[in-house]
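Asker: Below you will find the structure I want to go over with you.
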Amino acid sequence: MKAISTPSQPPRDVRDAEDLLDALQSAVASKTKIDLRGSGRHLQRGRPISADQVLSLAPMSGIVTYEPDELVLIAKAATPLRDILKTLDDAGQMLAFDPPLGHINPEEALGTLGGVMATNLAGPRRLVAGAARDYLLGFQAISGRGEQFQSGSRVMKNVTGYDLSKLMVGSYGTLAVMHEVTIKTMPKPEHGVSLIIKARDIEKAAAAMRDAFASPHEPTAGAIIPAQTSIYSKVKKIADMGQQSVLAAIRIEGFKVSVKDRVKALSDVLKPYGEQITLTEKESNLLQAELREVTLLPEQNNRVLWKVSCPPNQGAGLMKQILARPHCRAYADWAGGLIWVSHPAGHDGGAAPLRELLSATGGHATLVSAPQSMREAIDVFHPQPQALQDLTRRVKASFDPLGILNPGRMYEGI
Ligand SMILES: Cc1cc2nc3c(=O)[nH]c(=O)nc-3n(C[C@H](O)[C@H](O)[C@H](O)COP(=O)(O)OP(=O)(O)OC[C@H]3O[C@@H](n4cnc5c(N)ncnc54)[C@H](O)[C@@H]3O)c2cc1C
């Protein structure tokens, strides 16, 4: 493995699409390897890279068009999420995929729209609303060949050519640099609360979750929170109620009158699973933000953070096995489809045992937060099967044949 070196060239801030084109064409001509940054806030969370120059998109910020009636927003790629969220909120709308913001308070969200799309992040509403990928209508970009292109349009239905949006989202800036992004926005629900079930164990909490999502009462999010994790909640009822038990937290959203009726009906369905309380809207919003930002697993020295995706019906069993490992803490979101794991750092942060567990259930484990030395030494992204790895290499080679964009950000040599 090659040691990570510091960039040899001074950083460059790009002003606009033309400046970006010039920067990338120069990089192609001189084979300069680029470390691409929106606000740079996700960087200590991926695979470290060796690059010759840091290219910052930060000056390319601002909302270009927002048409609330059409549910469409177009923004320059480095527009901070806090500006996007404020604009949407003023019109009673939101980003339905609920991306992690790096902060409980949306006003402090400095990550960029391009960054969130490039990393395909989504929060607790992902289960019913979909991921960032499902909300990117189109974009304008410059590839690692130094060529301009665009994909998609202002509408979801778009049958011309390949759907490059699906490829770009989650590619961590390894294929092309987006400079303008078109997204679909959604109306904000009028009201939202959480029904909390105090279950005896993980199996009971998982069974309550299954019944809730199989019911006609349309929950929008569901988390399973073990006792050793709920104590970190700033929602006092959660911290108190979670002691010695496992909580199933089920979010219900919509018109106030409908929420009230559905919570009552769901509460009846879930009676057999244990004591219940309903959080107020304020408490429920705070809990959702804690789940989204993973603050229930505070970052600590000598611990690393994993994001484990698995089939939702395997989540409870998998979390139980993970919690049986020494000093592991965890909770499940997406009704069991996503498990956040805080693992003692040790020599590999638990990479081998976690991935071994996943070989039985299916799914993948991504190392989200760990010291640089560990992110250099082990696979940050789940190792791909050979056929998929070959495909990934071919896609990379067609967009960025010289490997100038974020070389090695996702996989060694790609
Ligand atoms: C557990 C967790 C913790 C988090 N903590 C924080 C936090 O502390 N602070 C915070 O602000 N956010 C945090 N986030 C949220 C998230 O990291 C950001 O909202 C978003 O990814 C970062 O945007 P950025 O512009 O800073 O991205 P960057 O860190 O600049 O970039 C992220 C990746 O996307 C690529 N990229 C960026 N812009 C583009 C583009 N226009 N075109 C193509 N590729 C691009 C970059 O090359 C890089 O590979 C966290 C998320 C999670 C899941």
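Where a number appears in this text, it was derived from the coordinates with a stated rule and is not lab data. As the structure is a computational prediction, the values presented were derived from the model and not from experiment. Every residue, glycine among them, receives a Cβ derived from its backbone with ideal geometry; neighbour counts consider all protein chains shown.
Asker: Got a sec? Which residues in the range 104-136 would a label at A214 touch, if it sits 7 Å along Cα→Cβ and we count backbone N under 20 Å?
Answerer: Output list for this probe position: 127-128.
Asker: Positive end of the charge dipole of the chain (Lys, Arg +1 and Asp, Glu -1 on Cβ, about the Cα centre): tell me which of P401, V259, G413 has its Cα farthest that way.
Answerer: Of the listed residues, the answer is G413.
Asker: Starting from the amide H of N120, placed 1.01 Å from N in the peptide plane, find each other amide H under 5 Å away whose residue is 5 or more places distant or on another chain.
Answerer: So N120 has HN proximity to G170.
Asker: Taking H as built 1.01 Å from N, whose amide H comes closer than 5 Å to the amide H of A330, not counting residues under 5 places away?
Answerer: The list, which skips near neighbours in sequence, is S342.
Asker: Binning every alpha carbon pair distance of the chain at 20 Å from zero, what are the percents per bin?
Answerer: In whole percents, the pair-distance histogram is 26, 56, 17, 0.
Asker: Which pairs, out of K184/K264; K198/K282; K264/K307; K184/K236; K188/K234; K166/K236, put more than 30 Å between their alpha-carbon atoms?
Answerer: Beyond 30 Å: K184/K264; K264/K307; K184/K236; K166/K236.
Asker: So which GluC sites (Glu not before Pro) in the range 127-227 end up in coil per DSSP with only 16 or fewer other C-beta atoms within 10 Å?
Answerer: E147, E190
Asker: From the mean inverse distance of alpha carbon pairs (Kirkwood) and the Cα radius of gyration, derive Rg over Rh for the range 4-77.
Answerer: 1.08
Asker: In percent, how large is the relative contact order of the range 75-195, given Cα pairs closer than 8 Å and 6 or more residues apart?
Answerer: Relative contact order comes out at 31 percent.
Asker: Compute from the Cα atoms of the range 303-377 the Rg and the Dmax, the latter being the longest Cα-Cα distance, and quote both in angstrom.
Answerer: Rg and Dmax of the range 303-377, Cα atoms, are 11.4, 35 Å.
Asker: In addition: Which cross-chain or sequence-distant (5 or more) residues have an amide H under 5 Å from the amide H of V304, H modelled 1.01 Å from N in plane?
Answerer: Answer set, sorted by chain and number: H343, A345.
Asker: Report, in deg cm²/dmol and to the nearest 500, the calculated mean residue ellipticity at 222 nm for the chain, where each DSSP H run with n ≥ 4 adds -39500 (n - 2.57) and the sum is divided by the residue count.
Answerer: -9500 deg cm²/dmol
Asker: While we're here: How large is the charge dipole for the range 191-293, taken about the Cα centre, if only the Cβ atoms of Lys, Arg (+1) and Asp, Glu (-1) carry charge, to the nearest 20 debye?
Answerer: 160 debye
Asker: Taking the Cα centre of the chain as origin, sum charge times position over the Cβ atoms of Lys and Arg (+1) and Asp and Glu (-1), and report the length of that vector in debye to the nearest 20.
Answerer: 860 debye
Asker: If each Cα of the range 191-293 is one equal point scatterer, what is log10 of I(q)/I(0) from the Debye formula at q = 0.16, 0.23, 0.25 Å⁻¹?
Answerer: -0.59, -1.25, -1.45
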